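What follows is a set of notes on a single structure, which appears directly below.
We did not get these values from a lab; they are worked out from the coordinates using the rules stated. These figures come from a predicted structure and were not determined experimentally. Note: ideal-geometry Cβ built from the backbone for every residue, glycine included; neighbour counts use all protein chains shown.
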Amino acid sequence: MPRNSIQFQKGFSIPEFMQMYGTEMQCRERLFHLRWKNGYVCPDCGSKNYCELKSRPLYQCNKCHHQTSLTAGTLFSHSKLPL
């Protein structure tokens, strides 16, 4: 067997990946679902009531007013690149 053999990884093809995650909105929706499987939960008080700020991409708890971003605490947290 040659040393530089290519091992194929099972998963998505590029067209399949682009269909699922090709836009910023699709990526944000998927990340939201992965982060909060049962809907948003405030990391401070546990409330499920929130609003999205219009001026910045943040979620704000309606009870304690804690603000968090979708990427806070993830590997995307300090990236300046779009999702």
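Tabulated results
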item: Scope the range 50-83; condition over 26 Å from MET18 (Cα atoms), surrounded by 11 or more Cβ atoms within 10 Å (Cβ to Cβ) and among the polar types (S, T, N, Q); matching residues; result: GLN60, ASN62, GLN67, THR68
item: Some residue of the range 31-45 being surrounded by 14 or more Cβ atoms within 10 Å (Cβ to Cβ) and over 17 Å from GLY73 (Cβ atoms); result: no
